[in-house]
1. Would you mind ranking B:Asp117, A:Asp34 so that the residue whose beta carbon has the fewest other beta carbons within 10 Å leads the list?
2. Under a plain spin-label model, where a point goes 7 Å from the Cα along Cα-to-Cβ, how far apart in nm are A:Val116 and B:Ala177?
3. Looking only at the range B:129-155, which residues have a backbone nitrogen under 16 Å from a spot 7 Å from the Cα of A:Arg327 in the C-beta direction?
4. Return the calculated 222 nm mean residue ellipticity for chain B, to the nearest 500 deg cm²/dmol, obtained by summing -39500 (n - 2.57) across DSSP H runs with n ≥ 4 and dividing by the residue count.
5. Tell me which DSSP H helices of chain A clear both cut-offs, 30 Å or more of axial length from alpha-carbon atoms and a mean Kyte-Doolittle hydropathy of at least 1.0.
6. Output the relative contact order of the range A:3-328, whole-number percent, from Cα pairs under 8 angstrom with separation of 6+ residues.
7. What average number of partner chain Cβ atoms lie no more than 10 Å from the Cβ of the residues making up A:204-214?
8. I want to check the label-to-label distance for A:Ala161 and B:Leu254. Put each point 7 Å from Cα in the C-beta direction and report it in nm to one decimal.
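Throughout, read-outs are computed from the coordinates displayed, never taken from laboratory work. This one's a predicted model, so the numbers in the text were calculated from it and none came from an experiment. For neighbour counting, all protein chains shown are included, and Cβ atoms are generated from backbone atoms with ideal geometry for every residue, glycine included.
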Amino acid sequence: MSAALRASLLWSGVALVVLLVAIAAIAYGAVPLDARAVVHAIGGRGDPVTVAIVRTLRLPRAVLALLVGAGLGMAGAALQGALRNALAEPYLLGVSGGAAVGAVAAVALGATGAFVLPLASFAGATLAIAVALLVARASGGRADPRVLLMAGVIVGAFANAAIMVLLSNAPPNAIRNALWWMMGSVGDAGWLTVGWLAVYVALGGALLLWFARDIDILALGEESAAALGVDAARSSRSIFLIAALLSAATVAAAGLVGFVGLVVPHLVRSLGVRRHRPLIAGAALVGAGLVVAADLVARLARPPAELPLGAVTALLGVPFFLLQLRRLS
Amino acid sequence: MIDFDRVVIRYPRASAAAIDTVTLAAPRGAVTAVVGPNGSGKSTLVRALLRLLPLSSGRIAIDGADLAQLERRTVAQRIAVVAQRESLVFPLPVWEYVALGRHPHEGPWAAAPSRTDATVASALDRAEIGALAHRSTDELSGGEWQRVRIARALAQGGEALVLDEPTTFLDIAHEMAMFELLARLAHEGMAVLLVSHQLNLVARFADTMILLHRGHVAAAGTPADVMRASVLESVYEWPLVVTRDPAIGAPALLPLRNRGPRSPFQTP
């Protein structure tokens, strides 16, 4: 069997699994549906109540989960390659912290409108990126990925402190909202959120795929990248920015869903993918499947209560992180 | 082809210049070797050529064109550089790693070259690593990894090859094979610029030697011009004699046991 045939069989299989998990996620709920009814309802056929449940509640939720996973998976794959760091992921770079500060500030001020929250979190994330870049530059390590990562962690720590200050005086309800959001959820998905996130994920994903060959080269290190004609400092900054904005978009749509960006690229690599173009594309697919599955687990684990999505991914991600850490040392 | 013209490089906050008014030329069809003690500025020259360090003054020219004005990709199409160190965080099969050498010639949407790509296959052959093609880069010995890196530079094509300490981890046979390969490439018309500690090997293979000392050119010319005991002793600060390679008569250096009262680690 040729390598190309094997690869296409493998990825068809992965796509099929993601599709089945997504259908299962739509079928499961307070009103259980069977798979055939789900497929019919997506097409607008069958019982009107079922169609309404599927099209206005469960389908947007599943699609949002797919998009969040795809975005985080791609961002993680790009960051790990460009930063030459197997532990890199959007959350280690201060983006989550910045986005959280923005969102919590909006919540604390009572501005929880559909447009205000994402905008505030974008603003926070962008500010965090800018600060992380400035800190890295000030320490003279503009091209050193470790300095950048460290700067991101520092910014994240600062953001945590800022959130604590913001929440110290907030009413209990606002604190509850903020906490729920900080643990990640696709529970109140709507087509509006799905729509704008889809635009960001498609755009960010396309840009990362365009940069994928450069990421292959950046993964060789600064000197080899320079030898192959890649301006390591400039390229990695662009990739960092795209990946960060991509993850900020997912954070704005569904709160903090950690560790997806860490776990997914390693899973795709374990399937034999090395180059970053197929890696990023594969990470989109596997990430999408993983977050839909995690959301399904979040709803299945303790019904009728829902676990926070970010808690489920963290329970999965932390042992994985430790495993990677052990492999590094 | 590669010309350093009165290049000065000063690291921030350093008192002395790392490279002080260095002029050298690496023409096509010749092996040009930069030698010198640790810290004499050899690798700084390579980093400057990679534009990882700004020049304080002077200029580096590629066929007369100012390097700073050229597209990085264009330069990479013409000059392949094997830097001193490189480690991969995410291992690759050897042939895929070698295929990355084609990067400067490909558009961002181009398909990755296959194992059977003519340039890749020829690079694997010339570096004599065909047998390693499907091994993973994290399973190689130091010497194998070094040859794999050379293969990537060969896949890059171009008219010049710059190498920073290419034989550090190689045993005698592989080291000799490497120098023979460099000599052959130069004979075929490439400009080969080499940074090396291996004075004796360089003296047998290089057409021109440049001896660096504390950022200055201490001596330059044919191996016979540079390999003089009086020059080398003062630069390396160690007693030595220069003899002859019995086969081809190239100058060969022989460091002496220190018999004087001075400790070997004491600088004069």
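1. On the way: B:Asp117 16, A:Asp34 11.
Fewest-to-most Cβ neighbours within 10 Å comes out as A:Asp34, B:Asp117.
2. 7.1
3. Within reach of a label on A:Arg327, which here means backbone N under 16 Å from a point 7 Å along Cα→Cβ, the range B:129-155 contributes B:136-139.
4. Details: 9 runs with 79 residues, N = 268.
Result for chain B: -8000 deg cm²/dmol, rounded to the nearest 500.
5. Values: long enough: A:3-27 (36 Å, 2.22); A:59-82 (34 Å, 1.42); A:116-138 (33 Å, 1.97); A:145-167 (33 Å, 2.01); A:232-254 (32 Å, 1.33); A:276-300 (34 Å, 1.38).
TM-like helix candidates: A:3-27, A:59-82, A:116-138, A:145-167, A:232-254, A:276-300.
6. Reported as a whole number, the value is 29 percent.
7. Numbers: counts 0, 0, 0, 0, 0, 2, 2, 1, 3, 8, 2.
Averaged over the peptide's residues, the number is 2.
8. So the label points at A:Ala161 and B:Leu254 sit 6.7 nm apart.
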